[in-house]
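Just passing along the structure, written as structure tokens.
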Number of protein chains: 6
Amino acid sequence: MARPDDRAPDQLRPVRFQRGWLDHAEGSVLIEFGGTRVLCAASVQDSVPRWRRDSGQGWVTAEYAMLPRATNTRNDRESVKGRLGGRTQEISRLIGRSVRACLDFKALGENTVQLDCDVLQADGGTRTAAITGAYVALADAVAWMRERGLCKGDPLIASVAAVSVGVIDGQPRLDLCYEEDVTAQTDMNVVCTGDGRFVEVQGTAEGAPFDRAELDALLELAAGGCAELTALQNEVLAR
Amino acid sequence: MARPDDRAPDQLRPVRFQRGWLDHAEGSVLIEFGGTRVLCAASVQDSVPRWRRDSGQGWVTAEYAMLPRATNTRNDRESVKGRLGGRTQEISRLIGRSVRACLDFKALGENTVQLDCDVLQADGGTRTAAITGAYVALADAVAWMRERGLCKGDPLIASVAAVSVGVIDGQPRLDLCYEEDVTAQTDMNVVCTGDGRFVEVQGTAEGAPFDRAELDALLELAAGGCAELTALQNEVLAR
Amino acid sequence: MARPDDRAPDQLRPVRFQRGWLDHAEGSVLIEFGGTRVLCAASVQDSVPRWRRDSGQGWVTAEYAMLPRATNTRNDRESVKGRLGGRTQEISRLIGRSVRACLDFKALGENTVQLDCDVLQADGGTRTAAITGAYVALADAVAWMRERGLCKGDPLIASVAAVSVGVIDGQPRLDLCYEEDVTAQTDMNVVCTGDGRFVEVQGTAEGAPFDRAELDALLELAAGGCAELTALQNEVLAR
Amino acid sequence: MARPDDRAPDQLRPVRFQRGWLDHAEGSVLIEFGGTRVLCAASVQDSVPRWRRDSGQGWVTAEYAMLPRATNTRNDRESVKGRLGGRTQEISRLIGRSVRACLDFKALGENTVQLDCDVLQADGGTRTAAITGAYVALADAVAWMRERGLCKGDPLIASVAAVSVGVIDGQPRLDLCYEEDVTAQTDMNVVCTGDGRFVEVQGTAEGAPFDRAELDALLELAAGGCAELTALQNEVLAR
Amino acid sequence: MARPDDRAPDQLRPVRFQRGWLDHAEGSVLIEFGGTRVLCAASVQDSVPRWRRDSGQGWVTAEYAMLPRATNTRNDRESVKGRLGGRTQEISRLIGRSVRACLDFKALGENTVQLDCDVLQADGGTRTAAITGAYVALADAVAWMRERGLCKGDPLIASVAAVSVGVIDGQPRLDLCYEEDVTAQTDMNVVCTGDGRFVEVQGTAEGAPFDRAELDALLELAAGGCAELTALQNEVLAR
Amino acid sequence: MARPDDRAPDQLRPVRFQRGWLDHAEGSVLIEFGGTRVLCAASVQDSVPRWRRDSGQGWVTAEYAMLPRATNTRNDRESVKGRLGGRTQEISRLIGRSVRACLDFKALGENTVQLDCDVLQADGGTRTAAITGAYVALADAVAWMRERGLCKGDPLIASVAAVSVGVIDGQPRLDLCYEEDVTAQTDMNVVCTGDGRFVEVQGTAEGAPFDRAELDALLELAAGGCAELTALQNEVLAR
């Protein structure tokens, strides 16, 4: 069973980072996982949410959204509908939890980094591309802050990268494109730190329930994919 | 390190099912996991959502909510705020996916079962109690339908149960109460079918990222807890 | 014309109070008027709304809601619809006005008691059960405050109880169940203090308009029902 | 204790009806109760709400609103706030129930009359002025329909009028202006049919609870006021 | 081609101002442009929006709305729909920009004038009638403030008036009524100061695009109309 | 007075069109006016809005939005706020009216083209860039339809382009960047067809009102700018 784009089962799609895509954001990247394109922007604010005030600690938060024609057929705008969908909020929360693993909030000081991940085009794996890009935008924003002496020491204590894995026709595959995503029996999104530990593991049986062996195979595949993405992140940040 | 209620690390809290708690619902149960109490109601409708019409197949959907004083301090109502929070939607979606693993939609025919899981009191593990109770309410609603000849054959093809697990002070523990939940380094919710396969695995590093060994220990613990809950579900449904 | 449950026209349904149903609320009761079950919770906050600040006076407010499957057929959630219905707001306001008759706000000090009345099952008379239960939860919350020295003197200056009355087939009846409620020509909700005076009188001609004689008969019946409920409240609070 | 405008306790404020104030509405009146001015418009639609279809019966519904500067100090618009307040919905529902007492829905046929009552200036008694005016607009709309043969027979089977009464400094008074309304111990709104029967009685203890004698005095006063308003309605409709 | 009401192409409809139509507003006028009636109210507040605080400068803002039966057929209320339409917001913003041209904000001091323009009946040109009336209400509110010494000097530095113009059957016409408005090929709203300069020019090709000659003819016509309206405003304010 | 980027007063910023930027949309272009970048997508649907059904005619509609970090400082998302701002709706309506000038709706048949204009980066002139790009996306979508025989004849009867003009320090200038936009005394947006006629003229005095001579100078400048943009559109579409 060949993959739609003839990749090996454990092969990522072409990954591309365009750092500094926005002129004004303190950090920004246009990340591509194949046909999936997500614009990640990091905005620095010299304040924290009300519940965090006078704690001496900073905060990082994230919002995910999709342009109406990012997909094959057009979706109505959530701003027009007047409410956020459950999927949007779920992914925003996932990205937020993931990037919070990167930071020492005391070193960040009472500043907030707001990450905006807007999907310009969707071809599967938008949330994992968003997390992988968000880290790069965050790293640039932290560097921007450090240049200006806005932090105490280095708040960036870890990197995160994320990838989707799934079982299609019984075969575990890495980094599913949309065509694969809709047919997967099992679908898992995994977020790892640069040193290979797990921040989030979210596995869902779309069709039949999965057993422990399948779960283990998927975790293995995802850990490898995240390691590759970590290397790509380091490379682009080193430029 | 003793647990707040002196349980063994792999011990569930007392679980109690009050079947038929509501007079009108086609299926209902008031489920308790220790101090957590969730009222689960299953409502049968002889129609399906628009996108499902003329497919010959049924549907099941779920909504989760919490009463304002279910918790230690009062929370504002989402109906008053005029919008559903992200957590509410996320859990509603999780319950929906979980119970969909129980049904053969062709056998269900063009009927919808709507599951409502309302948390009357919260002491940790509300989503897992909700899923575990929702299955019982669903089973009763399906029996109600079968008595009336509304299904073709038996739509109930699997059972589901769910439990939370987490690492506290380095120790993996089963079925966290609220006090444990807020201090857990890693928090995982696992949904299993009655035959021990996985429907959902959602693990989150609340503090430090977790490694594969921790993940394996938690999965083991959760699988055991779900098996116990399955036995309790079978027992209460056999009455 | 017998009543559906063979009660005498001036007879209440079985009334049951489960005090302290919630572990965390400062006052709580699960009240039942026959098949109607309302969970009433009183939450104490050591602040008052903005318009009340620096007045030296406290406040009490109430919110009423119904679970989606409290009724024969399921109703959509107001949180999902994104707006409160008129009926919900009307009843919340009625409960709030009723319990405000119980309190000396100066003695309460700048504290707020928030009453939440959630209908778990509805069989007619939900608003009157809610008011009758809310008073018990309020009394417990005030006792909780007094034990902690949070009030100046005793803020509880009156009790309130409420009951519905209506004319069915020309016969005035006390405490209508749902089946009676939908067929009543005239429907009235009456809130009385423990000493027999009126706090609210809300009478509506559902069918033909009513004359003064009917109105007088209904007021008489309601006053008697409220007196009985007052006795039951006193008994349960004396335990 | 003189009244602010030196009226006798049982005297209405000057009442003025300007019929046909709008060019397009099928019925309309600008009604004044002293300084209170309400524009009542009746719109005829040749359809009924979904739940009423194929019943052969019509419907009448009402909406109440207030312009932002109808009052002493400006109120924010509900359209800008994005939600209807509880008071607005409560009064809209009251007006709707009141005018429904006027109609034989079978004779109306499957038509809807929508009544809009917009308070242009408020000086107490806006809901009672709205009901009293709404009847006149409704009568004109029904006449408009009958001229065009849109009804079967005469759907207008009763008239309604409404007035507020209250106790100020121990004295029962008719048709309270704003200054009296805010100081009333007891406040009651009464809706009567032209033949003197009651459609709605809504009494509220704003201060101390009221006893049966006070209630009786207020009902007496209100019934007299409604009779006077009925005579004025008949007079203006006879022109 | 005669106009529906036989006016000359450059003739305004009868214009009528009823100053002080409201008892409480600091300035108010019921303005009529033929069948179009707009109630304009100016409310003075001794504060400014947050972003304007401590600037020593005042602010003026405007809200436009239409009663549901102002038009031939009834429109649903925006308060009931829960959201403001684009047209409503666009016109509110236009009125706000227009009246801001009238004021010296330093002389106004840290006060806000809120203008409410509510269309009671619509027959074309509601936004231009609203602007023309809003100026009169504003002038009265400023006079009210000056009498009380709330301003520094005279904040009223200009007057504004507005009129619509359009091309119907190739003929440029002034002050379109509804019947003309819906058939106009080109439709323009022009706001001028009393000294004949432009504050806003908004021209739209409803049918075929328009050329420079048509544009010039319309601007000429509008400037003349605004000059006439300015004279009428001065006259009514001089009374 | 040099311009911030040293352009001549009548000189456009560098304009760049990236046609086919999206893989799925029937027409798309990423348009840049200097630092302003707008992604325009045209989506074809084989249906029309309800009010247009069975007319034999098509429709085109537009939505404008801005990413949160398109600007110097971050703006909150309208989807999160739960309501569309007035500016957003105003610009969406403007784009819709502008592109409607391009189409023969009978030739389009009962199809709808939905244009989405999302501002990825904003540096002044976002609405004019959106209109200019929307035409290109629309032209591609129409070509896509014609290839598939979905239209009757050629629905594209005109092109539109748009540009902003303004007076800065007394000097009329073409195509304002953000820095100029905020300091302009007068600000005008002009939409022209390819043959030089006007579709929209929207001029606003931001500071002092403007006279006829200024207006004429701005119209002249804008017409020239639109002609240049038309040439660029034709060039990119000819590729």
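The values are calculated or read from the model by the stated rules, or taken from the named source; none is laboratory data. Just so you know, these numbers come straight off a predicted model, no measurement behind them. All Cβ positions, glycine included, derive from the backbone under ideal geometry; neighbour counts span all protein chains shown. Just so you know, the surface numbers come from the protein's heavy atoms only, side chains and all, with ligands and any DNA or RNA stripped out. Shrake-Rupley method; radii C 1.70, N 1.55, O 1.52, S 1.80 Å.
For the stretch F:113-143, how many residues are within 14 Å of chain E (Cβ to nearest Cβ) and among the hydroxyl-bearing types (Ser, Thr, Tyr)?
1
Of everything in the stretch B:21-50, what is under 27 Å from B:Leu176 (Cα atoms) and in a loop (DSSP other than H, G, I, E, B)? Give them in sequence order. Break it down into steps so the answer makes sense when it comes.
Just the residues of the stretch B:21-50 that are under 27 Å from B:Leu176 (Cα atoms), to begin with: B:21, B:28-42.
Once the filter is applied, which keeps residues that are under 27 Å from B:Leu176 (Cα atoms) and in a loop (DSSP other than H, G, I, E, B), the stretch B:21-50 yields B:Trp21, B:Gly34, B:Gly35.
Also, quick follow-up: When D:Asn234 is evaluated against the numbered criteria (1) in a helix (DSSP H, G or I); (2) under 26 Å from D:Asn72 (Cβ atoms), which criterion, by number, is the only one it fails?
(2)
Kindly provide the set of residues from the stretch B:141-159 that are in a helix (DSSP H, G or I) and open to solvent by 30 Å² or more (accessible area, probe 1.4 Å), ordered by number.
Step one: filter the stretch B:141-159 for residues in a helix (DSSP H, G or I), giving B:141-147.
Hits for the stretch B:141-159 are B:Ala143, B:Trp144, B:Arg146, B:Glu147.
A follow-up question, please. Looking at the stretch D:35-87 only, could you name the residues that are of a type in the set (A, V, I, L, M, F, W, C) and closer than 26 Å to C:Ile95 by Cα? I'd like the intermediate steps shown before the answer.
Filtering the stretch D:35-87 for residues of a type in the set (A, V, I, L, M, F, W, C) gives D:38-42, D:44, D:48, D:51, D:59-60, D:62, D:65-67, D:70, D:80, D:84.
Within the stretch D:35-87, D:Ala62, D:Ala65, D:Met66, D:Leu84 qualify.
Here is a further query. For residues that are within 14 Å of chain A (Cβ to nearest Cβ) and among the aliphatic types (A, V, I, L, M), scanning just the stretch F:1-30, find the one that is surrounded by the fewest Cβ atoms within 10 Å (Cβ to Cβ).
The residue in question is F:Leu30.
On to the next question. Restricting attention to the stretch A:34-57, does a residue exist that is acidic (Asp, Glu) and over 20 Å from A:Cys151 (Cβ atoms)? First the steps, then the outcome.
Of the residues in the stretch A:34-57, the ones acidic (Asp, Glu) are A:46, A:54.
With the extra rule that they be over 20 Å from A:Cys151 (Cβ atoms), the set shrinks to none.
The answer is no, given that none of the residues of the stretch A:34-57 is acidic (Asp, Glu) and over 20 Å from A:Cys151 (Cβ atoms).
Against the conditions (1) surrounded by 17 or more Cβ atoms within 10 Å (Cβ to Cβ); (2) more than 9 Å from chain B (Cβ to nearest Cβ); (3) farther than 19 Å from A:Arg100 by Cα, where does A:Gln233 fall short? Just the number, please.
(3)
Got a number for residues in the stretch F:73-112 being more than 10 Å from chain E (Cβ to nearest Cβ), without any contact (Cβ under 8 Å) to a residue 12 or more places away in the chain and either assigned to a loop (DSSP other than H, G, I, E, B) or surrounded by 21 or more Cβ atoms within 10 Å (Cβ to Cβ) (or both)?
Total satisfying the criteria: 6.
For the stretch E:154-197, how many residues meet the condition of being at positive phi, at the interface with chain F (Cβ under 10 Å from one of its Cβ atoms) and modelled with pLDDT under 95? Before the answer, list the steps.
To start, the set of residues in the stretch E:154-197 that are at positive phi comprises E:169-170, E:175, E:196.
This time we only want the ones that are at the interface with chain F (Cβ under 10 Å from one of its Cβ atoms), so: E:196.
Next cut, modelled with pLDDT under 95 only: none.
So the answer is 0.
Would it be correct to say that E:Cys192 is buried (at least 21 other Cβ atoms within 10 Å of the Cβ), touching a Cys at 6+ places or on another chain (Cβ under 8 Å) and not in a strand (DSSP E or B)? Even if it seems obvious, please write down each step before you answer.
Values: buried (at least 21 other Cβ atoms within 10 Å of the Cβ): yes; touching a Cys at 6+ places or on another chain (Cβ under 8 Å): yes; not in a strand (DSSP E or B): no.
Here the answer is no, as E:Cys192 does not meet what is asked.
May I pose another question? Restricting the search to the stretch D:217-230, which residues are within 14 Å of another protein chain (Cβ to nearest Cβ), of a type outside the set (S, T, N, Q) and out of contact with any Pro (no Cβ under 6 Å at 6 or more places or on another chain)? If you could, list the steps in order and put the result at the bottom.
Residues of the stretch D:217-230 within 14 Å of another protein chain (Cβ to nearest Cβ): D:217-224, D:226-227, D:230.
Okay, now just the ones that are also of a type outside the set (S, T, N, Q), so D:217-224, D:226-227.
The answer is D:Leu219, D:Glu220, D:Ala222, D:Ala223, D:Gly224, D:Cys226, D:Ala227.
Suppose we filter C:Ala213, C:Ala205, C:Ala162, C:Ala217 for residues that are surrounded by 20 or more Cβ atoms within 10 Å (Cβ to Cβ) and more than 20 Å from the chain's Cα centre (by Cα); which single one remains? Give the derivation first.
Values: C:Ala213 fails: surrounded by 20 or more Cβ atoms within 10 Å (Cβ to Cβ); C:Ala162 fails: more than 20 Å from the chain's Cα centre (by Cα); C:Ala217 fails: surrounded by 20 or more Cβ atoms within 10 Å (Cβ to Cβ).
Residue meeting the stated conditions: C:Ala205.
Residue check, C:Val142 against (1) within 19 Å of the chain's Cα centre (by Cα); (2) within 19 Å of C:Leu94 (Cβ to Cβ); (3) β-branched (Val, Ile, Thr), all met but one. Which one?
Every condition holds for C:Val142 apart from (2).
Answer yes if at least one residue in the stretch B:32-44 is over 19 Å from B:Ile131 (Cα atoms), open to solvent by 30 Å² or more (accessible area, probe 1.4 Å) and either touching a strand residue (DSSP E or B) at 6+ places or on another chain (Cβ under 6 Å) or at pLDDT 95 or above (or both), and no otherwise. If you could, list the steps in order and put the result at the bottom.
First, the residues of the stretch B:32-44 that are over 19 Å from B:Ile131 (Cα atoms): none.
Within the stretch B:32-44, none of the residues are over 19 Å from B:Ile131 (Cα atoms), open to solvent by 30 Å² or more (accessible area, probe 1.4 Å) and either touching a strand residue (DSSP E or B) at 6+ places or on another chain (Cβ under 6 Å) or at pLDDT 95 or above (or both).
I want to confirm something. Restricting to the stretch D:166-183 and keeping residues that are closer than 21 Å to D:Ala130 by Cα and either free of Cβ contacts under 8 Å to residues at least 24 places away in the same chain or not in a strand (DSSP E or B) (or both), which single residue is nearest to the chain's Cα centre (by Cα)?
Out of the qualifying residues, it is D:Asp175.
If you don't mind, another one. Residue by residue through the stretch B:51-72, note down the ones that are of a type in the set (Gly, Ala, Ser), in contact with a helix residue (DSSP H, G or I) (Cβ under 7 Å, 6 or more places away or on another chain) and assigned to a loop (DSSP other than H, G, I, E, B). Break it down into steps so the answer makes sense when it comes.
Going through the stretch B:51-72, the residues of a type in the set (Gly, Ala, Ser) turn out to be B:55-56, B:58, B:62, B:65, B:70.
Next, from what is left, pick out any that are in contact with a helix residue (DSSP H, G or I) (Cβ under 7 Å, 6 or more places away or on another chain): B:56, B:58, B:62, B:65.
The answer is B:Gly56, B:Gly58.
Quick grid of which residues meet (1) within 15 Å of B:Leu174 (Cβ to Cβ); (2) of a type in the set (Phe, Trp, Tyr):
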position	(1), (2)
B:Phe198	no, yes
B:Gln202	no, no
B:Leu219	yes, no
B:Leu232	yes, no
B:Glu235	no, no
B:Arg239	no, no
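Please determine whether any residue of the stretch D:118-138 is in a strand (DSSP E or B), at pLDDT 95 or above, touching a helix residue (DSSP H, G or I) at 6+ places or on another chain (Cβ under 8 Å) and over 21 Å from C:Pro209 (Cα atoms).
Our first condition is that a residue be in a strand (DSSP E or B); within the stretch D:118-138, this holds for D:118-121.
Among the residues that remain, those that are also at pLDDT 95 or above are: D:118-121.
Okay, now just the ones that are also touching a helix residue (DSSP H, G or I) at 6+ places or on another chain (Cβ under 8 Å), so D:119.
Imposing the further condition that a residue be over 21 Å from C:Pro209 (Cα atoms) reduces the set to D:119.
Looking through the stretch D:118-138, at least one residue is in a strand (DSSP E or B), at pLDDT 95 or above, touching a helix residue (DSSP H, G or I) at 6+ places or on another chain (Cβ under 8 Å) and over 21 Å from C:Pro209 (Cα atoms).
Is it the case, given these coordinates, that B:Glu214 is assigned to a strand (DSSP E or B) and within 9 Å of chain A (Cβ to nearest Cβ)?
Values: assigned to a strand (DSSP E or B): no; within 9 Å of chain A (Cβ to nearest Cβ): yes.
It is false that B:Glu214 is assigned to a strand (DSSP E or B) and within 9 Å of chain A (Cβ to nearest Cβ).
Exactly one of (1) surrounded by 16 or more Cβ atoms within 10 Å (Cβ to Cβ); (2) more than 25 Å from D:Leu30 (Cα to Cα); (3) not hydroxyl-bearing (Ser, Thr, Tyr) is unmet by D:Asp181. Its number?
Checking D:Asp181 against (1) surrounded by 16 or more Cβ atoms within 10 Å (Cβ to Cβ); (2) more than 25 Å from D:Leu30 (Cα to Cα); (3) not hydroxyl-bearing (Ser, Thr, Tyr), the one that fails is (2).
Oh, and also: Which count do you get for residues in the stretch B:197-232 that are touching a strand residue (DSSP E or B) at 6+ places or on another chain (Cβ under 6 Å) and in contact (Cβ under 8 Å) with a residue 60 or more places away in the chain?
9
Provide a single number: the residues in the stretch D:36-50 that are within 23 Å of the chain's Cα centre (by Cα), among the hydroxyl-bearing types (Ser, Thr, Tyr) and over 30 Å from D:Val163 (Cβ atoms).
Number satisfying all stated conditions: 0.
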